[in-house]
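The values are calculated or read from the model by the stated rules, or taken from the named source; none is laboratory data. Just so we're clear, the structure is a prediction, and the values are computed from it rather than from any experiment. When we count neighbours, we look across all protein chains shown, and the Cβ atoms used for this are built from the backbone with ideal geometry, even at glycine.
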Amino acid sequence: MAFTEYKNLAAVLKEFSLHYQEKSLDYDAALQAPANLATEITFNLTELAYDSSEAIICETLIFPILKAAWKPFIHELMLWSHQAIELNSKLSGIPDYLFAKKSALGKIVMDKPFVAIVEAKKDDFSAGWGQCSAEMVAALQLNGNVDIQVFGIVSNGKFWEFASLQRGVFYKYQQSGDVYKLDELFSMLSAILLSCQLQLQAT
């Protein structure tokens, strides 16, 4: 069934026998977002109807922030937008964004492993985590490596929540990001992408 059929995190945990835990996200609190990103996000928040649909949330807030955080990691990671992933009839669909290993065949080829999934939700974080966690399960199984840690992010543009999945345990991070605290949010995303980079370098 499609990822969107999973309406909350508990349904995914039960379906795939995952254990739930919470933990802290370690990140460099001194890191600062690029000045041009701060300018763009401030403009978008001020001048655009940024929360009128999931599409505009993606375009005006989520994608610019993801792209800025990704730039230091472009040699190992590729950022994909609205690309389908399909494991089987139970797990298929189109994540809003995902990070994967950069392919040696060029930027138009999506390679594995998939290391982070990002889901945009206008209002409903519960449904967002149902969908995102199902996508994380699919990514983990498609990777074919139980040691790969897959990260998940759900955001309504303003608020960002984070999790990871590895070896049958779903870890929800206790900190959440806030677009109005852009330096802190940028630092959190950078920490997650650094973890993804280090994994890829080790495999």
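Of note:
- Members of the stretch 74-100 that are among the polar types (S, T, N, Q) and either surrounded by fewer than 15 Cβ atoms within 10 Å (Cβ to Cβ) or at pLDDT 95 or above (or both): SER81, GLN83, ASN88, SER89
- Failed criterion for GLU47 (all others in (1) charged (D, E, K, R); (2) at pLDDT below 95; (3) surrounded by fewer than 13 Cβ atoms within 10 Å (Cβ to Cβ) hold): (2)
- Condition check for LEU193: crowded, with 22+ Cβ neighbours inside 10 Å, farther than 22 Å from LEU9 by Cα, modelled with pLDDT of 95 or more and in contact with a strand residue (DSSP E or B) (Cβ under 9 Å, 6 or more places away or on another chain): yes
- Subset of the stretch 6-42 that is closer than 19 Å to PHE162 by Cα and aromatic (Phe, Trp, Tyr) - its residue that is surrounded by the most Cβ atoms within 10 Å (Cβ to Cβ): TYR6
- Index of the failed condition, ALA134 passing every other in (1) touching a Leu at 6+ places or on another chain (Cβ under 9 Å); (2) closer than 19 Å to GLY93 by Cα; (3) at pLDDT below 95: (3)
- Here LYS71 passes the criteria (1) under 23 Å from ASP178 (Cβ atoms); (2) buried (at least 16 other Cβ atoms within 10 Å of the Cβ); (3) not aliphatic (A, V, I, L, M) except the one numbered (2).
- Only one of the numbered conditions (1) under 29 Å from GLN199 (Cα atoms); (2) free of Cβ contacts under 8 Å to residues at least 40 places away in the same chain; (3) in a helix (DSSP H, G or I) is violated by LEU66, and that is (2).
- Residue, surrounded by the fewest Cβ atoms within 10 Å (Cβ to Cβ), within the stretch 104-126, restricted to residues that are within 15 Å of the chain's Cα centre (by Cα) and hydrophobic (A, V, I, L, M, F, W, C): PHE125
- Spans of helices (runs of 4 or more DSSP H) in the stretch 1-61 with at least 3 residues out of contact with any His (no Cβ under 6 Å at 6 or more places or on another chain) and of a type outside the set (A, V, I, L, M): 35-47
- Conditions (1) within 22 Å of MET188 (Cα to Cα); (2) among the acidic types (Asp, Glu); (3) without any contact (Cβ under 8 Å) to a residue 60 or more places away in the chain: number failed by ASP111: (1)
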